[in-house]
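Enquirer: My structure is below; once you've seen it, I'll send some questions.
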Amino acid sequence: MLELRNLRRSFGDVVALDGLSFEVAPGELCGFLGPNGAGKTTAMRCAVGVTAADAGEVRWRGQPIDLAVRRRTGYMPEERGLYPRMRVHEQLVYVARLRDVDAEVAARNADRWIDRLGIGERRDDPVEQLSLGNQQRVQLAAALVHDPELLILDEPFSGLDPLATDVMSEVLREQADAGVAVVFSSHQLDLVEDLCRTVAVVARGRLVLDGEVAALKAAGGRRLRVATDGDDDWTARLPAGAAVVSRRDATVTVALPPTLDPGAVLDVARRSGRLVDVHLDQPRLSELFRTAVADRPDLAAELTEVDR
Amino acid sequence: MSAWQTVRLIAGREVRQRLRSRMFVGTTLALSALLVLGALGPALLGAFERTPDDEPVAADPVRVAVVGSLAPAETAALEATLGPLTTVPAANEAAVVSALEEETADLGIIVGDRVLTPPATGMFAVGTGRAFQAAETLALTEVLDAVGASGSAAAVLGVEPLPVEVIGEDDQALQAARLIAANLAVVFIFAMLMFYASMIVNGIIEEKGSRVVELLVEAVPIRQLLAGKVVGLGTIALGQMFVLFVPATTVLVLANRDLIPPGIGGMLAIIGLWFALGYALYTLISAGLGALVSRPEEAQAVLTPASLLALVGYVVGFAAIQAPDASFAVVAGWVPFSAPFVLPVRQLVGEPTSLEVAGALVLVLLAIAVVALLAARIYEGGILRVGARVGIRDAWRGSSR
Ligand SMILES: Nc1ncnc2c1ncn2[C@@H]1O[C@H](COP(=O)(O)OP(=O)(O)O)[C@@H](O)[C@H]1O
Ligand SMILES: [Mg+2]
């Protein structure tokens, strides 16, 4: 289990982490979400020891993360970085060797990832001669080449074309299925919704939402769209907790609290006429995200400021 | 994985990267070739200057124009000292002179009177030397003749002389060699220190600029990263010294044994030692400073304090060649930053006391230890702050994590 506990970190007056806590289990693929400046990068850097937390701690399998754990961690920094003039294979071997993988295994793993990520032809080219997309692949390979048990990736999908996005998704999925704890930050909420079993949403350095995507969606309140052939004055008699979100012609969309049975609303509607259209929707992750982030007006001003 | 293994891995990468640079390898090989040519120089010049006059070959008999007649004992004695002779009878002194002038004779003898010789030529003044030998031989034969042992003159003169051993050092040659070595030492140490200072700074800037440093720092303690770079470049410097000096020295030894400066091994050892110490001192300072910047354009500026220190050392070292034991040189020897320039000079051309040498060594080693601690802290404070130049106080105050 990767545990971030009560992390705090300020840069001068800017509070980047304000008591952030969340957990990622082995085999879990966790999307780490938050607006720009929310503290995602800072949190991940704390986890891999590149940034020191002012307070709080990061544990892996119950132990504070030390050098030995960091060497079994795969890390993709937000600012990508490789030696520009080093060759792809040589570079991957070097990265693995620094993480205490012996030379033979390192060479074999490097070749395996080079093949898997489709950069076989560039194996012995200096990294600076590769296209940006291929450099990204090498960067991913550098995070994986030592067979890590923990993967921490800062916006691994940014700048990828759709094909590369598919490869990246597949690889992350595979790693999680193989028992690796995977956490990655992203702004691509739809992708995260499809890919991840769990998410953690951070805003202003604090956790504002986390859990299994399915459960969050189920608990996030559904929307019921109802159309009858009668008039729509039935909405005046809605059960407690339900609220009208929009009306168009005879179609009314009602937000339901998680505990409310949609049948109770239908019962009320049916009294004014025959049901013409009924549609029960779970919220999209993006909606949950917006609500979680914006539901806290105290954050709104600061967030826009940070977004600048 | 032990710290040393990590350091070795990092150092290994540094070495491989330099060896792959055509510029670096090419320049080093070209310089080495130049030095070899320089070492061959005296031998080549010697080959051009060599004339039969300078070094009579065994097969060439010495041609002697003789007025009067030499006794057989005299001829035998002369052959014992000068080697094979051909005698050419001459009518009178004038005939001898013209034979010498026309170079049909190498030596003239007016029996019982004088020996005539052309003026000295060549470095070794062979012609006149031969005339004195001939004159002495004839005189000796005369003395032996007087005591009734004229027949033994040749035997006496042909005797193999006892070996001669020169005690002490040939002062002039040694002084000259030491002077050359001292000049070379100061220039070489300064040039190499500046070169490696900018090498390490550029390496650090590459890591910061390319952001690869974040990936490294995740897996490697920052101090080991620094140590690896210093050790790696040091290995390269050592290799470069070998490539620069070993072929040239070997050629010098093989090609002209006579011209090897005496004690060349000791001199090279002195230069090597002080270079190594200077390298550690200045490379560590440079690494600390280098961690403050992220762009190649800033390298020279950030290195200015180190360059100035080295420049002062260089100037003082140069001045010390003229006055190696003057008080300014003695004082500069006690200052760790100038010691690597001044001490080799003093050891080569001056007479430092062993206290001064040992003291300088201890102080420089201490300075290296202190500088290593300071540089490591500043390096730690600066290495992760990519972007604008980091103030040295900022870097000192906080590790950049
Ligand atoms: N090295 C730093 N120096 C100063 N401020 C920083 C530094 N790193 C992050 N911050 C600030 O901390 C806040 C969180 O940043 P970050 O962790 O990068 O957010 P995110 O990755 O979620 O966009 C931002 O306000 C950012 O400006
Ligand atoms: Mg970020």
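Enquirer: Using protein heavy atoms only (no ligands, DNA or RNA), what is the total accessible area buried between B and A, 1.4 Å probe, nearest 100 Å²? Before the final figure, lay out the partial values.
Expert: Details: alone 21340 and 14980 Å², together 33610 Å².
Counting protein atoms only, the buried area is about 2700 Å².
Enquirer: Give the shape of segment A:222-281 as rounded, prolate or oblate, defined through the alpha-carbon gyration tensor: a ≥ b ≥ c are the square roots of its eigenvalues, a/c under 1.5 means rounded, and otherwise the shape is prolate if a/b is larger than b/c and oblate if not.
Expert: Values: a/c = 1.57, a/b = 1.41, b/c = 1.12.
Taking the square roots of the gyration eigenvalues as a ≥ b ≥ c, segment A:222-281 is prolate.
Enquirer: Order the peptides B:104-113, A:62-71, A:170-179 from the highest to the lowest mean number of other Cβ atoms within 10 Å of their residues.
Expert: Numbers: B:104-113: 18.4, A:62-71: 14.5, A:170-179: 16.0.
Peptide ranking by packing, descending: B:104-113, A:170-179, A:62-71.
Enquirer: Enter the angle in degrees (range 0 to 90, nearest 10) between the Cα long axis of helix B:3-20 and the first principal axis of the Cα atoms of chain B, meaning the one along which they spread out most.
Expert: The two axes meet at around 60 degrees.
Enquirer: Can you show me the helix-derived [θ] at 222 nm for chain A, built from DSSP H runs with n ≥ 4 at -39,500 (n - 2.57) apiece and divided by the number of residues, rounded to the nearest 500.
Expert: Working: 11 runs with 112 residues, N = 308.
Rounded to the nearest 500, the figure is -10500 deg cm²/dmol.
Enquirer: Further question on the same structure: Mind checking which of A:L140, A:A96, A:L195 is farthest towards the positive end of segment A:2-216's charge dipole, using Cβ charges of +1 (Lys, Arg) and -1 (Asp, Glu) about the Cα centre?
Expert: Of the options given, the answer is A:A96.
Enquirer: Roughly how crowded by other chains is peptide A:87-99, in terms of the mean Cβ count from those chains within 10 Å of each of its Cβ atoms? List each step's numbers first, then the result.
Expert: Values: counts 1, 0, 0, 4, 2, 0, 0, 6, 5, 1, 8, 13, 4.
Mean shielding count: 3.
Enquirer: With a 1.4 Å probe and every protein chain kept in, tell me what percent of the accessible surface of chain B is carbon plus sulfur.
Expert: 67 percent
Enquirer: Let me ask another. To the nearest 20 debye, what charge dipole does segment B:62-170 have about its Cα centre, counting +1 at the Cβ of each Lys and Arg and -1 at the Cβ of each Asp and Glu? Write down the numbers at each step before the final one.
Expert: On the way: 3 positive and 15 negative charges, 58 e Å.
The calculated dipole for segment B:62-170 is roughly 280 debye.
Enquirer: Dipole of the protein assembly as shown, Cα-centred, from +1 at each Lys and Arg C-beta and -1 at each Asp and Glu C-beta, to the nearest 20 debye?
Expert: Working: 63 positive and 83 negative charges, 763 e Å.
Charge dipole of the protein assembly as shown: 3660 debye, to the nearest 20.
Enquirer: I would also like to ask the following. Taking the Cα centre of segment B:160-316 as the origin and placing charges on Cβ (Lys, Arg +1; Asp, Glu -1), which of B:A301, B:L281, B:A182 is farthest toward the positive end of the dipole?
Expert: B:A301
Enquirer: State whether segment B:62-170 is rounded, prolate or oblate according to the following rule on the C-alpha gyration tensor (a ≥ b ≥ c being the square roots of its eigenvalues): a/c under 1.5 gives rounded; otherwise a/b larger than b/c gives prolate, and the remaining case gives oblate.
Expert: Values: a/c = 2.39, a/b = 1.18, b/c = 2.03.
Oblate.
Enquirer: For peptide A:77-83, compute the average count of partner chain beta-carbon atoms within 10 Å of each residue's beta-carbon.
Expert: Details: counts 7, 2, 7, 5, 11, 4, 8.
Neighbouring Cβ atoms belonging to other protein chains average 6 per residue here.
Enquirer: A further question on this structure: Among rounded, prolate and oblate, which fits segment A:1-113 when a ≥ b ≥ c are the square roots of the eigenvalues of its C-alpha gyration tensor, a/c under 1.5 means rounded, and a/b larger than b/c means prolate? Walk me through the numbers on the way to the answer.
Expert: Numbers: a/c = 2.28, a/b = 1.72, b/c = 1.33.
Note, shape of segment A:1-113 comes out prolate.
Enquirer: Right, next: Just the number please: accessible area per residue for the protein assembly as shown, 1.4 Å probe, all protein chains included, in Å². Numbers along the way, then the final one.
Expert: Working: 33610 Å² over 709 residues.
On a per-residue basis, the protein assembly as shown sits at 47 Å².
Enquirer: Provide the packing ranking of A:148-156, A:209-217, i.e. peptides ordered by the mean count of other C-beta atoms within 10 Å per residue, highest first. Write out the running numbers ahead of the final one.
Expert: Details: A:148-156: 22.8, A:209-217: 17.0.
Order by mean packing, descending: A:148-156, A:209-217.
Enquirer: Another question about this same structure. Taking R0 as 60 Å, what FRET efficiency do you get between A:H279 and B:E297 from their Cβ-Cβ distance, rounded to the nearest 0.05?
Expert: 0.45
Enquirer: Separation between the A:R108 and B:A80 pseudo-spin-labels, each 7 Å from Cα along Cα→Cβ, expressed in nm?
Expert: Going from the A:R108 label point to the B:A80 one covers 8.6 nm.
Enquirer: Still on this structure: Only bridges whose two residues both fall in chain A count here: according to DSSP, what percent of them are antiparallel, nearest 5?
Expert: 70 percent
Enquirer: When Cβ neighbours within 10 Å are restricted to other protein chains, what is their mean count per residue of peptide B:136-142? Spell out each step's value before the answer.
Expert: Numbers: counts 0, 0, 0, 0, 0, 0, 0.
That works out to 0 on average.
Enquirer: Find the centroid of the Cα atoms in segment A:89-120 and in segment B:1-34, then give the distance between the two in whole Å.
Expert: After rounding, the separation between the Cα centres reads 22 Å.
Enquirer: Now, a different point. With +1 assigned to the C-beta of every Lys and Arg and -1 to the C-beta of every Asp and Glu, and no other charges, what is the dipole magnitude of segment A:222-281 about the Cα centre in debye, to the nearest 20? Before the final figure, lay out each step's value.
Expert: Working: 9 positive and 9 negative charges, 24 e Å.
Dipole magnitude for segment A:222-281 comes out near 120 debye.
Enquirer: Straight-line reach from B:K208: which lysines have a Cα under 19 Å away, not including same-chain ones fewer than 8 places off?
Expert: Cross-link targets: B:K229.
Enquirer: Could you compute how fast the protein assembly as shown diffuses translationally, taking Rh as the Kirkwood radius over C-alpha pairs and applying Stokes-Einstein at 10 °C with viscosity 1.306 mPa s? Give it in µm² per second.
Expert: Details: Rh = 33.2 Å.
In µm²/s, the coefficient is 48.
Enquirer: Another question, then. So, with a 1.4 angstrom probe, what is the percent of accessible area on segment A:46-196 that is carbon and sulfur? Mind showing how you got there, number by number?
Expert: On the way: 2720 of 5960 Å².
Carbon with sulfur: 46 percent of the solvent-accessible area.
Enquirer: Moving on to the next point. Given the whole protein assembly as supplied and a 1.4 Å probe, what does the accessible area of B:L361 come to in Å², nearest 10?
Expert: 50 Å²
Enquirer: So, by mean Cβ neighbours within 10 angstrom, what's the order for B:177-184, A:52-59 with the highest one leading? Show your work: numbers first, answer last.
Expert: Values: B:177-184: 19.0, A:52-59: 15.6.
By packing density, highest mean first, the sequence is B:177-184, A:52-59.
Enquirer: Right, next: Just to verify a number: what accessible area does B:L374 come out at with the full protein assembly present, 1.4 Å probe, Å² rounded to tens?
Expert: 80 Å²
Enquirer: Just how much of A:T291 is accessible, in Å², when a 1.4 Å probe is used and the result is rounded to the nearest 10?
Expert: Only protein atoms counted, so the area is about 70 Å².
The values are calculated or read from the model by the stated rules, or taken from the named source; none is laboratory data. Nothing here was measured: the structure is a model prediction, and the numbers come from that model. Here Cβ is always computed from backbone atoms with ideal geometry, including for glycine, and neighbour counts include all displayed protein chains. For accessibility, only protein heavy atoms count, side chains too; no ligands or nucleic acids. Shrake-Rupley method; radii C 1.70, N 1.55, O 1.52, S 1.80 Å.
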